[in-house]
Amino acid sequence: MVRIVLVALLLIARGALAEILWVADFETADISQWMGRQVVDDPSNPRVLIVDAPVAQGQYALRVLVRQGDDPIHASGNRNELVGPTDDEGSEYYYRWSTLFDETYPSERTWQVFTQAHHTGCCGSPPIEFYVYGEEIRFLVRQDPYQDGSILWSTPLVRSLWNDFTWHVKWSSDPNQGFVELYYNGDLVVPLTNCATMYPGMQVYLKQGLYRNAAIVPDGIVFHDAMIKGETLDDVMPPPP
């Protein structure tokens, strides 16, 4: 009840109560804000945990562990991910969240996806990925599920510090209608850029956690917090002090 009141007061203070579409900040102390999970069940070593430190805001955040062989959906790669809302052609939203990479996070010259917008089709790679490659964080868009895609932005990977992402997207399979825009730690790093953001005839849905090449041996630990989805930048950016 306390959390509901606090969230309501925050949204009222922003003056955009009706425009906040989804909050998944783990302040419920569980993963019930998300629509689904693709997680290995191992009570002796849980792959997703609600923790009280480190946190980007509030009292709780999510800790995600991936070990070699974790394959809860019998697909390519290893993963433990939460599943978010589904979006349709022509919709336009802002998403904001924070991610922290553990001090032990492995450096591997291959893909390690921590947030993605996945297509509803059965096969191929997703149209949008936020991932780690070696010692870089990268943001990639893809026009075809079987293409490599285009890296629109990258930054050095820094462990044990929160990375704040604010992502603006219009979902469209038409490269003249769709676009992306990205803020990183409050700075605009990808200006509004036209591109296809989904595949023709499909929807997209958000996934967050860790999904990586099955060849990676060391454990990977990442923390997520403060996910919010809204219709305007003011909806998702924190209010001024």
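The values are calculated or read from the model by the stated rules, or taken from the named source; none is laboratory data. On a predicted model such as this, the values are computed, not experimentally measured, just so you know. Please note: Cβ atoms are built from the backbone with ideal geometry, for glycine as well, and neighbour counts cover all protein chains shown.
Consider Ser91 carefully, then state whether it is modelled with pLDDT under 95, under 28 Å from Ala196 (Cα atoms) and of a type in the set (Gly, Ala, Ser). Against the criterion (modelled with pLDDT under 95, under 28 Å from Ala196 (Cα atoms) and of a type in the set (Gly, Ala, Ser)), Ser91 does not qualify. Restricting to the range 174-185, name every residue that is surrounded by 15 or more Cβ atoms within 10 Å (Cβ to Cβ) and under 15 Å from Phe139 (Cα atoms). Passing the criteria: Phe179, Val180, Glu181, Leu182, Tyr183, Tyr184.
Taking the range 191-221, which residues are in a strand (DSSP E or B) and exposed (fewer than 15 other Cβ atoms within 10 Å of the Cβ)? Passing the criteria: Pro191, Leu192, Thr193, Asn194. Put simply, of Trp167, Trp171 the only residue that is crowded, with 21+ Cβ neighbours inside 10 Å and over 13 Å from the mean Cα position of the chain (by Cα) is Trp171.
Close Cβ contacts (under 6 Å, 6 or more residues apart or on different chains) running from residues in the range 65-91 that are farther than 26 Å from Asp102 by Cα to residues that are outside any loop (DSSP other than H, G, I, E, B) comprise Pro85/Trp22; Thr86/Tyr205; Asp87/Val204.
Which residue pairs have Cβ atoms closer than 8 Å, lie 6 or more positions apart in sequence or on different chains, and pair a first residue in the range 165-194 that is free of Cβ contacts under 8 Å to residues at least 12 places away in the same chain with a second residue that is buried (at least 17 other Cβ atoms within 10 Å of the Cβ)? Qualifying pairs under 8 Å: Leu188/Glu181; Leu188/Leu182; Pro191/Glu181.
How about the range 77-113: which of its residues are within 26 Å of Gly230 (Cβ to Cβ) and in contact with an Asp or Glu (Cβ under 9 Å, 6 or more places away or on another chain)?
Passing the criteria: Glu89, Glu92, Tyr93, Tyr94, Arg96, Trp97, Ser98, Thr99, Leu100, Val113.
Set side by side, the residues Leu152, Leu188 differ, and just one is part of a strand (DSSP E or B) and exposed (fewer than 13 other Cβ atoms within 10 Å of the Cβ), which is Leu188.
Per this entry, Arg138 is not counted among residues that are in contact with a strand residue (DSSP E or B) (Cβ under 9 Å, 6 or more places away or on another chain), among the basic types (Lys, Arg) and over 21 Å from Tyr183 (Cβ atoms).
Would you check if Ile228 is of a type outside the set (Phe, Trp, Tyr) and out of contact with any helix residue (DSSP H, G or I) (no Cβ under 8 Å at 6 or more places or on another chain)?
So Ile228 fails the test.
For Gln112, the test of being farther than 22 Å from Val236 by Cα, in a strand (DSSP E or B) and under 16 Å from the mean Cα position of the chain (by Cα) is passed. Only one entry in Leu65, Leu82 is within 14 Å of the chain's Cα centre (by Cα) and of a type outside the set (Gly, Ala, Ser), namely Leu82. Of everything listed in (1) over 25 Å from Glu231 (Cα atoms); (2) touching a residue at least 24 places away in the same chain (Cβ under 8 Å); (3) among the polar types (S, T, N, Q), the single unmet condition for Gln147 is (2). Screening the range 33-62 for residues that are within 21 Å of Leu100 (Cα to Cα) and of a type in the set (S, T, N, Q) and picking the one that is farthest from the chain's Cα centre (by Cα) gives Asn45. Checking the range 74-83 against the condition returns a match, with at least one residue being hydroxyl-bearing (Ser, Thr, Tyr), modelled with pLDDT under 95, part of a loop (DSSP other than H, G, I, E, B) and under 20 Å from Asp219 (Cα atoms).
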